[in-house]
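Remarks on the structure that follows.
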């Protein structure tokens with residue numbers, strides 16, 4: 001579903017992408033920006049993939065338990081009609097969405113919406129993850145956050161999986177993943 005862009009709109013839209021490894025504060029930053037938009041009395045709609053039920057089936061919840069209400073969805077195409085009246089759209093865990101998400105975000109921005117997307121830029125193997133690379137290419141603003149390496153204390157931008165599962169998508173928390181710097185990540189991968 002394509003919405004004809006309103007190129008004569010006085011409002012200019014844009015796409016902000018918040019990316020980084022697990023435990024880097026992506027969701028926390030997304031929630032902070034969305035709460036500020038609500039304080040400014042902007043109309044906000046928030047979406048997350050319905051498969052992500054780690055902390056709550058409905059709310060977006062950061063690892064430090066900061067939360068904001070959202071709408072779980074299975075298909076990014078439903079964002080367009082559901083966000084029609086919104087001025088700001090938040091999307092968490094972008095890496096889990098379908099191939100249409102970058103184009104949906106582009107359409108929203110063309111129609112004067114501020115679109116804030118958070119997601120992992122790399123999977124546990126250190127490869128680009130899901131739709132985040134395409135979103136980064138389309139983004140007007142990019143924020144790359146870093147965690148702290150649990151092995152050496154340097155900045156971490158890798159999500160190390162501590163289990164033997166080899167599926168690309170395997171939901172988990174601190175019991176399954178930990179942040180690692182480049183050197184500590186590759187030491188474990190090659191050990």
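Read-outs: derived from the displayed coordinates by stated rules, not from any lab. Please read these numbers as outputs of a predicted model, since none were measured by experiment. Virtual Cβ from ideal backbone geometry, glycine too; neighbours counted across all protein chains shown.
Summary table
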| item | result |
| --- | --- |
| Whether region 14-146 is rounded, prolate or oblate, judged on the alpha carbon gyration tensor where a/c under 1.5 counts as rounded | rounded |
| Label-point gap, in nm, between residue 75 and residue 155 - each point 7 angstrom along Cα→Cβ | 4.0 |
| Highest to lowest packing among 111-119, 43-51, scored as the average C-beta count within 10 Å | 111-119, 43-51 |
| Extension gain (nm, one decimal) between residue 35 and residue 141, 0.36 nm per residue minus Cα-Cα | 36.3 nm |
| Calculated FRET value between residue 85 and residue 50, using beta carbons and R₀ = 25 Å, to 0.05 | 0.70 |
| Calculated FRET value between residue 183 and residue 99, using beta carbons and R₀ = 41 Å, to 0.05 | 0.75 |
| Protection proxy ranking, peptides 146-155, 95-104, average beta carbon neighbours within 10 Å, highest first | 95-104, 146-155 |
